Structure formats: C-alpha cells, structure tokens
Amino acid sequence: MTITETERIKVLVAKLGLDGHDRGAKVVARALRDSGFEVIYTGIRQTPEQVIEAAIQEDVDVIGVSILSGAHMTLMKRLMELLREYGAEDIPVFLGGTIPIPDIEPIKRMGVREVFLPGTSLKEIVEMVRQAGLERRKRRGW
Amino acid sequence: MTDYREDFLKKLRDKVERWERETLPKSLSRYPERMERFTTLSGIEVKRIYTPLDIKDTHYLERIGLPGEYPYTRGIHATMYRGRIWTMRMFSGFGTAEDTNKRLKFLVEHGETGLSLAFDYPTLLGIDSDDPMAHGEVGVTGVAVDTLKDMEIIFDGIDLGTVTTNMTINPPAPILYSMYLAVAEKQGVPREKIGGTTQNDPLKEFIAQKSYIFPPEPAVKIAMDLVEYSVKNTPKWNPISISGYHIREAGSTAVQELAFTLADGIAYVRHLVERGHDVDSFAHRLSFFFDSHINFFEEIAKFRAARRMWAKIMKEWFGAKKERSLWLRFHTQTAGVSLTAQQPYNNIVRTAIEALAAVLGGTQSLHTNALDEPYRVPSEFAAKIALRTQQIIAYETGVADVVDPLAGSYYVEWLTNKIEEEAWRYIERIERMGGMIEAVRKGYPQKELTEASYRFQREVEEGIRKIVGVNIFTEEDEEEIRNVPLLDIDPNEVEERQIRRLREVKRSRDNTRVETTLNNLRDAARKGENIVPYILEAVKAYATEGEIMNVLKEVYGVWTEPIIY
C-alpha cells in the first residue's frame, strides 16, 4: 500500500455526549494523522446529529467515536439509527472508551465495527481503521 | 555554602569516584542494568544512587525545616497523622438522590470520615435532566441534581453540622453550594458550622477536565464570587479546590500538574487582591487537589515541593502574613488513569501504592479508586475495598506514626528540589505570557498536555513504559473481567425517575417567585455584583439548575475551545 492511498482515507474522530475526557480521542486523532490519514476532530460535547452531519458533510470514510461517560448505549443507538436514516450505513463506525464487557456485543449488534477498550494499542487502532477505510473506498470504486 | 563540612564532601566525592571506578564496573559486568536510561513517569532521569553530594546545597534549616513551620516542606501540622488521621473521603454518587443517600450512609457506616459527591454530566454542565442533551447521561457517572429537592434527599438523615462534604462541581458551583446551605438551614445547622469544599476551579476546566461553560474571565469572576461570599458567610467552607488532578489525568507530567495548578492558584489570588481583598482575609480558605500516580517517589516529592512553593508564593509574592495563609492544604485522589481494564483486580494494588505515596506526601484527605472504575462508577463491593485500603495504611502499617519519614532521603530531597526547579520554570513562562488566564486563552497548557499524553502513549507502545496486563504479563482475561461484579444501574429507569421528580417540583413550586428570583439574578449579574446571594434565593425558590445556568449563560456567554491535538 502506498502513502497516497492512506492519505485519502478520511476519518472523523468525535467526542459524543457530555464528557470532557478528550485525552484518548486526541491521542488517537494524532496517531491517525501521523500515519497519513486525513483527520477531522470534532471537539467535545457532540450530539449524534452533529456527528452524522459532520461525517456526511466531510464525506469521511470512517467514524471514530469516543465515550467515557457511560452513556454509550443510548448515544450509540441513536448514532447508528441516524447513520441508517441518512443512508450512510456504509461508513464504518468504531467506538473507544470505558465500555463494560457485557455492553460490547449489544453495541456491535447495532452495527459498530469494533469497540476499543482502554489499553488498546494505537497500532491496532490505526490498522483496523486503515482496513475499514480501504474497504469502503474499494466498495465505492475508488 | 553548605550544611556539610567541606572536608567531608571532599572525602565523599573521592569515595564515590573510587566506587564508580572499582565497585560499579564489577557489578555492571555481572548484572548489566535493565535500561540505558531510567526515568520517572514524568521523564526526569534518575541516577542509580544519591548521596549527600546531590543535596549539598539544600540548607536544611531554610529549605526543609520542621513540620508546621515555614516553608512547610515536611507538612503543615507539627504532629500530622499522630494527631489525626487524614480524612477518608470517597468520591461517590450515582443514580438519583435516593441511590446516593444510601451509598453515603453505607460508606459512613464502614468508617468513611468525610463525604464527597460525584455529580452526573448534566449536573456538571448545568443542564436539567429533561434537556435533550442529557438523554442517556442522567445519573450515570454521578448523582443527578436538578433542584434543591434532590439535595434534600441526598442528605436525608445526614447531619450537616457534623459531616464535611466535598462537591466536585465547577461552573455551577455557586448553585450546588447554595443548595447545601439551604439544606443546612432546613436542618437547623448554623452557617458557621457547615464544612466542606466546592471544587470551583474554572481554569483547570479549560486545561483538562473540560466541563467549562463560560469564557475564562467571567468563569474566574463567578468562581471568585463564591470565594468572597463563602469566606464571609461560611468560615469553615473551602470555596475552591485548586486542582491538579484532572490536569494529570489528562496526560500531564507531575511537574506540569504542579506548575499549572500553582499558576491557577496565583491567578485566583491576584483576582481577589485586585478586587480589593487583603490576601490574609481569604488565603487560609484556598485548598488544593492533586493526583497520586504510580511512580512512588516522584509523587511524594511533588507533594513536598508543592507545599514549599506555595508557601513561598504567598509569603514573597503576595506578602501574606498569617501562618495559615501559607499552608497548602490538599486532597488527593489516586490515579484513575493508572488503572487498567485488563486484570482489574491488580488495580487494588496500584491504588494501595498510590495511596501510600499520598500519605507519605502529607495529604489532608484522600480518595482511593475502586478496582472496577475503568468500567463504571464503583460497586459497593469495590468501593469498600478501596476504603479498607486507606484504613489498612492508617492503622496497620505504622507509616502514619512518624511525620514526613522520607525527609533526609538523598533521593527524595533531590527529587523534591528537581521537581520544584522545573515547576518554577513553567510558572515563569506562564507569568511572561501574562498569567494563566492568558495562557489558557492561547491554548498553552492545553498544547503541553496534548504533547505529554501523546509522548506517554508512544512510550507505552514502544514498551519503554511498562504496564502489567497491558504491555507485559498480558493474558486472555475476559473471564476475570466478566467476574467483576459491576454496579447494576439502568440509566433509562434512573432518567425516568429523575424527570418525574423534576416535573413534580416544577408543578408544586411558586413559579412567580422563581421568575422574580431569576430576574433579580440577571440584574445582579449584569451590574457585576456578587451573584451568590441571588443564586441562593433562586435555589430556595426551587429554581432548577438549568434555569439558573441559562440566566448566567445569557449574561456571560459561553466558551468554545480552540481545537488542539
């Protein structure tokens, strides 16, 4: 894979909900940027509506969501519903944060591609996002 | 000039040189060192051995001294824990007021000696539980408070004349403080008797915790209104807890935590002095809050350096004369960020070590994190172990029996000096920028944190920083994680219950009185008056937190942060 291929992958990193714990989101955004992705970081306190609108407006290939407030079940459900409403369910969505193990399966059933727990390595995140981004690009015939 | 005799230092220097020539190489050839460079968590390089040579310029009498005396390096009290054990103050709160009332009573029953309230996100941000933005967040990370009614229930059966309560609340601090006052009044407790703390530290919100609402200047003005009001009306209350904890958790080094916290403190003192207050009229009510991370000696050194620096700042910069104005009194919380989601029972051990560092550093009160906090607010089971950890340190280990037992350790004294030196450099830089309010507006501390946290993460990835269960001694531990009994909480049910109560309060209150008090508050805010008395009136009329905050947002505006990553 060439750098230009990676460069074209556009990722939205979003802090969904009210919590201000932006350390993880920023570290991931920075790691993606350093790996050649185009990254848009939304800042904190985003609603599901704002995230989806930003994703569509910016025509991103991947959405990465960070939640550390415990509100992930409610917020992710809404986000994934909106994604379908906008006909954008082909955008892969990742979630990172303090997510109890029993919540992971239900979240994945909502259509979330992967849930990253604390302690996940940046390398793993970057690789999975790259894979998902390239797949989407391929599907869209890029 | 040095405390040591020159001939002794010369002999020691010779001895060390000989040791490096003869003893050391033999050892190194048999046991090569594990790493080329050893550094603290903050990146301070540490040598293999410290001797009097490393602290030869530290004058004991001036720089270390005795506990209870300037510069307070060894503690603010002469007897420290020989007199009274630190306050065991467990940060707690979840669900509705009833759930939290039950938890507070449970902790007190098991030996907790001070209360500490955790609020949910809507409460922290001044949003009512029925606001669409609050959906899914009500009662999840803390207790939901919308009106005075909720606070009445939280403290039902708890005598505010005998307990002290910390409230981790920032932009809405005057509202929660007023609610506490109103509850005390209903219980018949005189104002002079109530004790506790409101965090009320707006500057670190911009740097780290990010529950800011107003722009920096009005945010500081509002916070200082509370300090002004509280010093006069509730003499035992700590109206501010100048906090490094969140700065550290957001990724700073120990040095940055210390420097930014003191720089925040300087900004507040300056603001109050500019308002015309004598520094000795309020300085004794300022309190602090630090993180205790996992690099044991670095934390102890940080706490010792903090006391020495603050005493100097108050005495030399601000001309404080009263002894108590020079005291850096602080609360400590063990490092949430050091806990791992993997092999969660190991977190008990991490917390114990961090708590020990806080005690050896001379903390006034302590919260110990629970093992399950990488996942959720703690279960009863986990919270109790965390509390018991403090009790074991206090009553079994003997560490509380001697004041500042690590003083005189060549390493600890050297590290205390080193951290202080580096922190001063940051403070000077911030001063040159025009103080912390300016620095925050420019995004300077934010940028420093972003760099430090990214650097740390890279070091973890490269294996330079080792974390058991994360990058060494990893295992397939899903079974263990699944077996940790998490607090069972249904956010939807909590949200419904809370909204029902909020509606009930709104129905039964005198809405004209609410409107009048809110209008009075608006007028007072516009005129630049101290807003606390007006908030108290609105609170007593059962105005909601959101209603009060909306008036303030209208007058003071809201902050949009520069995006830095």
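The values are calculated or read from the model by the stated rules, or taken from the named source; none is laboratory data. Remember, predicted model here, so these are calculated numbers, not experimental data. Heads up, the Cβs are rebuilt from the backbone with ideal geometry, glycines too, and the neighbour counts pull from every protein chain shown.
Might you check whether a residue that is outside any helix (DSSP H, G or I) and touching a helix residue (DSSP H, G or I) at 6+ places or on another chain (Cβ under 7 Å) occurs anywhere in region B:474-484? Write out each step before concluding.
Our first condition is that a residue be outside any helix (DSSP H, G or I); within region B:474-484, this holds for B:474-477, B:484.
Now narrow it down to the ones that are touching a helix residue (DSSP H, G or I) at 6+ places or on another chain (Cβ under 7 Å): none.
So far as region B:474-484 goes, no, none of its residues is outside any helix (DSSP H, G or I) and touching a helix residue (DSSP H, G or I) at 6+ places or on another chain (Cβ under 7 Å).
Quick check on my filter: what residues within region A:53-70 are farther than 24 Å from B:THR450 by Cβ, assigned to a loop (DSSP other than H, G, I, E, B) and either under 11 Å from the mean Cα position of the chain (by Cα) or away from chain B (no Cβ under 13 Å) (or both)? Step through it out loud before you land on a result.
Here is the first cut: in region A:53-70, the residues farther than 24 Å from B:THR450 by Cβ are A:53, A:56-57, A:59, A:61, A:70.
Narrowing the set further to residues that are assigned to a loop (DSSP other than H, G, I, E, B) leaves A:59, A:61, A:70.
Selection gives A:ASP59, A:ASP61.
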Of all residues in region B:512-565 being of a type in the set (Phe, Trp, Tyr) and over 26 Å from the mean Cα position of the chain (by Cα), which is nearest to the other protein chains (Cβ to nearest Cβ)?
B:TYR556
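When region B:341-369 is examined, which residues are found to be closer than 19 Å to B:MET167 by Cα and assigned to a loop (DSSP other than H, G, I, E, B)?
Within region B:341-369, the first condition is being closer than 19 Å to B:MET167 by Cα, and the residues that meet it are B:363-369.
B:THR363, B:GLN364, B:THR368, B:ASN369 - these are the residues of region B:341-369 that are closer than 19 Å to B:MET167 by Cα and assigned to a loop (DSSP other than H, G, I, E, B).
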Report the residue count in region A:80-115 for those that are surrounded by 15 or more Cβ atoms within 10 Å (Cβ to Cβ) and within 11 Å of another protein chain (Cβ to nearest Cβ).
7
Condition first: farther than 21 Å from B:ASP131 by Cα and more than 10 Å from chain B (Cβ to nearest Cβ). Now tell me which residues in region A:33-52 satisfy that.
A:SER35, A:GLY36, A:PHE37, A:GLU38
All conditions in (1) under 30 Å from B:TYR454 (Cβ atoms); (2) surrounded by 10 or more Cβ atoms within 10 Å (Cβ to Cβ); (3) without any contact (Cβ under 8 Å) to a residue 24 or more places away in the chain are true of B:GLY43 except (3)
Hey, among B:ILE158, B:ILE127, which residue is within 14 Å of chain A (Cβ to nearest Cβ) and either at pLDDT 95 or above or within 23 Å of the chain's Cα centre (by Cα) (or both)?
B:ILE127
Looking at (1) modelled with pLDDT of 95 or more; (2) at negative phi, can you tell me which one B:GLY362 breaks?
(2)
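To keep it simple, each residue is scored yes or no on (1) in contact with a strand residue (DSSP E or B) (Cβ under 7 Å, 6 or more places away or on another chain); (2) more than 23 Å from B:ALA263 (Cβ to Cβ).
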{"site": "B:PHE290", "(1), (2)": "yes, no"}
{"site": "B:PHE296", "(1), (2)": "no, yes"}
{"site": "B:ARG307", "(1), (2)": "no, no"}
{"site": "B:LYS312", "(1), (2)": "no, no"}
{"site": "B:PHE318", "(1), (2)": "no, no"}
{"site": "B:ARG324", "(1), (2)": "no, no"}
{"site": "B:LEU328", "(1), (2)": "yes, no"}
{"site": "B:VAL337", "(1), (2)": "no, no"}
Identify, from the list B:ILE489, B:ILE464, B:ILE437, the residue that is more than 10 Å from every other protein chain (Cβ to nearest Cβ) and farther than 30 Å from B:PRO216 by Cβ.
B:ILE464
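Going residue by residue through region B:109-121, is there one that turns out to be within 14 Å of chain A (Cβ to nearest Cβ) and either more than 19 Å from B:GLY196 (Cβ to Cβ) or basic (Lys, Arg) (or both)? First the steps, then the outcome.
So in region B:109-121, the residues within 14 Å of chain A (Cβ to nearest Cβ) come out as B:118-121.
When the remaining residues are screened for being either more than 19 Å from B:GLY196 (Cβ to Cβ) or basic (Lys, Arg) (or both), the result is B:120-121.
Scanning region B:109-121, I find at least one residue that is within 14 Å of chain A (Cβ to nearest Cβ) and either more than 19 Å from B:GLY196 (Cβ to Cβ) or basic (Lys, Arg) (or both), so the answer is yes.
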Could we say that B:ILE430 is buried (at least 16 other Cβ atoms within 10 Å of the Cβ), within 11 Å of chain A (Cβ to nearest Cβ) and over 28 Å from B:VAL140 (Cα atoms) here?
no
Please specify each residue of region A:9-32 satisfying the condition of being more than 7 Å from chain B (Cβ to nearest Cβ) and within 12 Å of the chain's Cα centre (by Cα).
A:LYS10, A:VAL11, A:LEU12, A:VAL13, A:ALA14, A:LYS15, A:LEU16, A:ALA25, A:VAL28, A:LEU32
Filtered residues of region B:127-139 (kept if surrounded by 24 or more Cβ atoms within 10 Å (Cβ to Cβ) and either part of a loop (DSSP other than H, G, I, E, B) or in contact with a Lys or Arg (Cβ under 9 Å, 6 or more places away or on another chain) (or both)):
B:ILE127, B:ASP128, B:SER129, B:GLY136, B:GLU137, B:VAL138, B:GLY139
Sole exception among (1) part of a loop (DSSP other than H, G, I, E, B); (2) modelled with pLDDT of 95 or more; (3) within 30 Å of B:ALA382 (Cβ to Cβ) for B:GLU529, by number:
(3)
Looking at region B:311-353, which of its residues are closer than 18 Å to B:MET88 by Cα and at pLDDT below 95?
none
Between a first residue in region B:429-445 that is of a type in the set (Ser, Thr, Tyr) and a second residue that is not in a helix (DSSP H, G or I), which pairs have beta carbons less than 9 Å apart while being 6 or more apart in sequence or on different chains?
B:TYR444/B:MET433
How do the pairs read when you match residues in region B:210-223 that are within 14 Å of B:ALA267 (Cα to Cα) and touching a residue at least 60 places away in the same chain (Cβ under 8 Å) with residues anywhere that are buried (at least 23 other Cβ atoms within 10 Å of the Cβ) and of a type in the set (S, T, N, Q), using Cβ under 8 Å and keeping only pairs 6 or more apart or on different chains?
none
Being among the aliphatic types (A, V, I, L, M) and assigned to a helix (DSSP H, G or I) is the filter; apply it to region B:51-96 and report the residue that is nearest to B:THR368 (Cα to Cα).
B:MET80
I'd like to verify a number: residues in region B:469-484 that are surrounded by 10 or more Cβ atoms within 10 Å (Cβ to Cβ) and either hydroxyl-bearing (Ser, Thr, Tyr) or within 11 Å of chain A (Cβ to nearest Cβ) (or both), how many?
11
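Just checking, which of A:ARG45, A:ARG8, A:ARG23, A:ARG30 is under 25 Å from A:LYS123 (Cα atoms) and in contact (Cβ under 8 Å) with a residue 24 or more places away in the chain?
Values: A:ARG45 fails: under 25 Å from A:LYS123 (Cα atoms); A:ARG23 fails: in contact (Cβ under 8 Å) with a residue 24 or more places away in the chain; A:ARG30 fails: in contact (Cβ under 8 Å) with a residue 24 or more places away in the chain.
After applying the criteria, what remains is A:ARG8.
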Matching residues in region B:268-308 - criterion: being small (Gly, Ala, Ser) and either assigned to a strand (DSSP E or B) or surrounded by fewer than 23 Cβ atoms within 10 Å (Cβ to Cβ) (or both)
B:GLY276, B:SER281, B:SER287, B:SER292
B:VAL183 - would you say it is within 14 Å of chain A (Cβ to nearest Cβ), of a type in the set (A, V, I, L, M) and surrounded by 19 or more Cβ atoms within 10 Å (Cβ to Cβ)?
no
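Residue-by-condition table, conditions (1) under 17 Å from the mean Cα position of the chain (by Cα); (2) closer than 22 Å to B:MET309 by Cα:
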residue: B:THR168; (1), (2): yes, no
residue: B:PRO190; (1), (2): no, no
residue: B:LEU203; (1), (2): yes, yes
residue: B:TYR268; (1), (2): yes, yes
Give just the number: which of (1) more than 14 Å from chain A (Cβ to nearest Cβ); (2) surrounded by fewer than 24 Cβ atoms within 10 Å (Cβ to Cβ); (3) within 17 Å of the chain's Cα centre (by Cα) does B:GLU249 not satisfy?
(1)
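Working carefully through the options B:ILE353, B:ILE392, find the one that is farther than 26 Å from B:THR474 by Cβ, of a type in the set (Val, Ile, Thr) and away from chain A (no Cβ under 14 Å).
One residue alone meets the criteria, B:ILE392.
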Looking at (1) farther than 26 Å from B:LYS466 by Cβ; (2) of a type outside the set (S, T, N, Q); (3) in contact (Cβ under 8 Å) with a residue 40 or more places away in the chain, which one does A:ILE125 not meet, given that it meets all the others?
(1)
